[in-house]
Amino acid sequence: MHENLLYQHVFKPTRYRVGESPNILDLVLTNEDGMVEKIEYLPGIGLSDHIRIQFETKLYTDRRDSLKPRLNLYRGDYANMVADLSGTDWDSRLENRSFDEAYSVFKDILQASIDLHIPNTRKKACKKNLYTTSEVKRLSKKKRASWDRYTASRDVVDYARYAAIRNDIRRLTRRLRYEFESNLVQDIKQNPKSFWKYVNSRLKTRTTIGDLKRTDGTMTSSNKEKASAVCLRKKIPTTCQ
């Protein structure tokens, strides 16, 4: 690791087994010393004798438009929106204007109607699993406490108590997940949005449009710049933004 200029951030045992000495078998390697911080050593998943390692990383990214409020299209008042737009005297608003001027006026009127009739989404607390209940959270805290007691005492009795709680929470989460997915499948034709919401909750990544290269070789960053780059490549008027 030193020859390849890598940093190793794990210094506590990551594998515990009754009757054996704990070992460091799981590593976190980076090429910069300050990229990882606040490492926590948490109880393992399921029956695994390897613990979980949780840490924060410092990445070379900036906060972009994804953090801004987005339109909640499912709660839009489209009936009143159509009524407002239908009552607009488009002839008087758009006559004697160039295409760009008319498009700008149309866009402003449409945007004002959107702001009036479509609310923004609210930021909600993130749940790891849609089927998680208060009982699961209670057992998770109890599991963490029993694990801390075992790692401090290294007593076989404390490990047996931890294992019992671990097995209880595993059986509970399996049952809750089975019941949740069964109900989801039965109702998939009437409520497909719930199905796709669950599918997205199980994904670890979100697909976004990466930065595009302009004709002059520079890279785009914002969504508006990406749209302009696509318009230029497809030879579409810039008003497509």
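Values quoted throughout were computed directly from the atomic coordinates according to the rules given, and no laboratory measurement underlies them. Since the model is a prediction, treat every value here as computed from it, not as a measurement. Virtual Cβ from ideal backbone geometry, glycine too; neighbours counted across all protein chains shown.
Where a ≥ b ≥ c are the square roots of the eigenvalues of the C-alpha gyration tensor, would you call segment 127-206 rounded, which needs a/c under 1.5, or, failing that, prolate if a/b is larger than b/c, or oblate? Prolate is the answer for segment 127-206, as a/c is 1.5 or above and a/b outweighs b/c. The slack between PHE180 and ASP168, meaning 0.36 nm per residue of separation minus the straight C-alpha distance, is 2.5 nm.
If you find the alpha carbon centre of segment 126-180 and of segment 3-17, how far apart are they in angstrom? Here the answer is 26 Å between Cα centres. Projecting label points 7 angstrom from Cα along Cα→Cβ for ASP77 and TRP90 puts them 2.3 nm apart. The stretch between TRP196 and CYS231 holds 9.5 nm of extra length on full extension. This uses 0.36 nm per residue minus the Cα-Cα distance. Size estimate for the chain follows the Kirkwood approach: the inverse of mean 1/r over distinct Cα pairs works out to 24.3 Å. The packing ranking of peptides 156-164, 81-89, highest mean first, is 156-164, 81-89, where packing means the average number of other beta carbon atoms within 10 angstrom of each residue.
Rounded to the nearest 20, the Cβ-based charge dipole of segment 70-122 about its Cα centre (Lys and Arg +1, Asp and Glu -1) stands at 400 debye. Summing Cβ point charges (Lys, Arg +1; Asp, Glu -1) relative to the Cα centre of the chain gives a dipole of roughly 1180 debye.
For segment 127-206, the relative contact order comes to 36 percent (Cα pairs under 8 Å, sequence separation of at least 6). Here the calculated FRET efficiency for ASP26 and SER222, from their Cβ-Cβ distance with R0 = 45 Å, stands at 0.70, rounded to the nearest 0.05. Scanning the chain for GluC sites (Glu not before Pro) lying in DSSP loops with no more than 15 further Cβ atoms inside 10 Å, the longest uninterrupted stretch between such sites is 96-241. Taking 7 Å steps out from each Cα toward its Cβ at ARG52 and ARG70 produces label points 2.5 nm apart.
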